[in-house]
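These notes are about the structure you will find just below.
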Amino acid sequence: MGRPRSFEESDLLEEVMVAFWRNGYTATTYRSLESLSGVGIRSLANTFGEKDELFTKALSRYHDMVANNLAMMFDPPSVDAIVRVFERVSSPADRGDARSSGCLMVNTVFEIDEPTGNIGHKIAAYRDLWKSTFQQALESDNIADAEARAEFLVGALWGALSQIRLAGDTTAAQPITTVVIQTVRSWSQSIESAL
C-alpha cells in the first residue's frame, strides 16, 4: 500500500527520473514506481498527471541536472573541457551508477519512434544544449568550423552513450571516446603549429 501524500515532490521526481533512465520509458510504469517509491499510484497520478506528463517532467529534471554539470565543467569554456567530458563519459562507473545506463535522452530517442510533442521538444532542447556548449568551447579556443565540429561532437557523444546503454557499462564507450579525444586535441595542435 502506498504512503499518504506526505512525500517531497522534488525527491520523488528524482527517483522517477532515475527509474526512467535505468529502465526506459516502456518498462517504467506507475505500478513499478509505486513499488520503488512507496507512493501510491493515485498520488503519483494526482501529482504528476498521465505517464507522458510524468516522463516530460523527468526529462526536464534530467536536462537541468546535465545543464548544471556542463556549466561547472565549461567554466571557462575550452577544448580541454570537451576532452574532460569525453573522458568522464567512458570512465569506469561504480556498480549501480545510473551512468551505466547511458543517457536518458539518447535512450529515449532509440526507444520511442519519432518522439513528438513535449517529449520531442525536450530531446531537441537537450541536443541544442550540447551543441551550443561544444560550439562555444571551440570558438573560445579559436577552432575553425566550430559549428560543424560541434555537430560532429554531439553525434560522437550520442554514439558513445548508445554503446554504454547497449553494454550496460561506461567503458564500452572507450573506443569512440579515445578517437574523439585524439581528434579534438589535434584541432588544438593545428592551431598551435600555425602560430
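The values are calculated or read from the model by the stated rules, or taken from the named source; none is laboratory data. Since we're looking at a predicted model, the values are computed, not measured. No Cβ is skipped: glycine too gets one built from the backbone with ideal geometry, and neighbour counts run over all protein chains shown.
Side notes on the structure shown:
- A Cβ distance below 7 Å, combined with a sequence gap of six or more or placement on separate chains, defines the contacts here; from the range 20-44, residues that are under 30 Å from LEU166 (Cβ atoms) reach residues that are of a type in the set (S, T, N, Q) and outside any helix (DSSP H, G or I) in the pairs PHE20/THR28.
- Verdict on ASP94 being surrounded by fewer than 14 Cβ atoms within 10 Å (Cβ to Cβ), modelled with pLDDT under 95 and of a type outside the set (Gly, Ala, Ser): yes
- Checking ALA148, ALA81, ALA124 one by one, the residue that is over 20 Å from ILE181 (Cα atoms) and among the small types (Gly, Ala, Ser) is ALA124 and no other.
- Here THR116 meets the list (1) under 30 Å from GLU53 (Cβ atoms); (2) buried (at least 19 other Cβ atoms within 10 Å of the Cβ) almost entirely, failing just condition (2).
- Residue check for ALA137: under 25 Å from ASP75 (Cβ atoms), among the aliphatic types (A, V, I, L, M) and either within 16 Å of the chain's Cα centre (by Cα) or loosely packed, with under 14 Cβ neighbours inside 10 Å (or both): no
- Taking the range 94-133 as the range and being in a loop (DSSP other than H, G, I, E, B) and either under 15 Å from the mean Cα position of the chain (by Cα) or of a type in the set (Val, Ile, Thr) (or both) as the test, the residues that pass are ASP97, GLY102, CYS103, ILE112, THR116.
- Residues that are closer than 10 Å to VAL16 by Cβ and among the polar types (S, T, N, Q) within the range 33-46 comprise just one, SER37.
- Residues of the range 14-31 classified as closer than 19 Å to SER100 by Cβ and either buried (at least 17 other Cβ atoms within 10 Å of the Cβ) or of a type in the set (D, E, K, R) (or both), total: 12
- Single condition SER101 does not satisfy, out of (1) buried (at least 16 other Cβ atoms within 10 Å of the Cβ); (2) under 20 Å from ALA71 (Cα atoms); (3) among the polar types (S, T, N, Q): (2)
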